[in-house]
């Protein structure tokens, strides 16, 4: 992608109304634009990051038997009234059509997936099943805050599992838990598995996947030796300094954290709510990962005073190519990288100083910066610097692709 052909470009100044780092940097770097509180347009850079996060999530859900579907965002009120959600869920957006019918914008999909799967689950032989989808959700938050970490419209992966009995649900939960930890690890995040109340979804204990960050909204106690942590706002049996109840190796420490995923044991609440006279009422589980929320958390975790530092696995581009009045040679390298399957952003703009281009590269935060200048060419190649490093090295043009394989 050439920056000279792009409409959205990095700005010199952050938005004045930005209260969080992710809001500030994502807008300033040209990843998103805020339409209104809690609602964002994802520009080309931002959409590329979302798609990379989706790819990791999709691969790990497919690996544990998930079957991807796509469910609607507009729901008839009747299905929400069957489960009691129409009157009990205060964040549910409600609409009325011109024909005076009531509808809801989906804030979750239990009410849709359950009757859908009942068409295909006719006996114990059809279990377990694990449908999932990646779709936009809507929640009528009283005060949307924290940038893209808490929106009124947000992208989410939710999976629903159907099991013959509790034992099979418990078996699959351990599989899903390991898959979740792998998802976040692939994005450079260390997630803690947190016990919490089920809230509006379930009366049982739920599990949240929390990432330690100052931008978090949850008070936790965590273990530094394993993934255990506890939400201290819901569970009072743990105290700071207690020995970890999971591994026993370390004492629990306090922190704030941001939720990036969760799992709920739904029991038979929804399978019985859509009763069609069947003899089988599957045990259900619900598994969510906030795609846009995770993007915001990553920015909060990985940045410095110059801009974002994207992990390689979800970066919009691997390489940010800075052209300092060497357009022919830069074009040659641009084509070389593209043909080698390397995703590259070429700052080919003619009207900017070297300093402005370097500042833009740091702000956008691609893992590798390659600078082509007469000075670097005289030294035998191009200047290559990793985003999180301060020093650069000169690499010959013929060795660029091999160098990038080891980044």
| message | What whole-number distance in Å separates the alpha-carbon centres of the range 322-352 and the range 372-395? | response | 14
| query | Between residue 224 and residue 275, what FRET efficiency comes out of the Förster formula 1/(1 + (r/R0)^6) with R0 = 60 Å and r the beta carbon distance, rounded to 0.05? | reply | 0.80
| query | Tell me, what is the percent relative contact order of the chain, built from C-alpha pairs under 8 Å that lie six or more residues apart? | reply | 16
| message | Under the rule a/c < 1.5 gives rounded, and otherwise a/b versus b/c splits prolate from oblate, where does the range 319-405 land using the Cα gyration tensor? | response | rounded
| remark: Kirkwood radius from Cα pairs of the chain plugged into Stokes-Einstein at 37 °C, 0.692 mPa s, gives D in µm²/s equal to 141
| said: I'd like the FRET efficiency for residue 122 and residue 251, computed as 1/(1 + (r/R0)^6) with the beta carbon distance as r and R0 of 35 Å, rounded to 0.05. | reply: 0.10
| task | Determine the distance separating the Cα centre of the range 92-121 from the Cα centre of the range 260-309; give it in Å without decimals. | result | 18
| query | So if we plug the beta-carbon distance of residue 140 and residue 242 into 1/(1 + (r/R0)^6) with R0 = 56 Å, what FRET efficiency do we get, rounded to 0.05? | reply | 0.90
| query | In terms of the ratio Rg/(2.2 N^0.38 Å) built on C-alpha atoms, what value belongs to the range 4-150? | reply | 1.31
| message | Sorting check: for 98-106, 352-360, which peptide has the highest mean count of neighbouring beta carbons within 10 Å, and how do the rest follow? | response | 352-360, 98-106
| remark: Rounded to whole angstroms and listed largest first, the alpha-carbon spread of the range 208-271 along its three principal axes comes to 42, 27, 20
| task | Rounded to whole Å and ordered largest first, report the semi-axes of the equivalent ellipsoid of the range 28-113 derived from its Cα gyration tensor (root of 5λ). | result | 29, 21, 10
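All of the numbers you see were taken from the coordinates with simple rules; none came from a lab. Since we're looking at a predicted model, the values are computed, not measured. Neighbour counts are summed over all protein chains in view; Cβ atoms, including those assigned to glycine, are modelled from backbone coordinates with ideal geometry.
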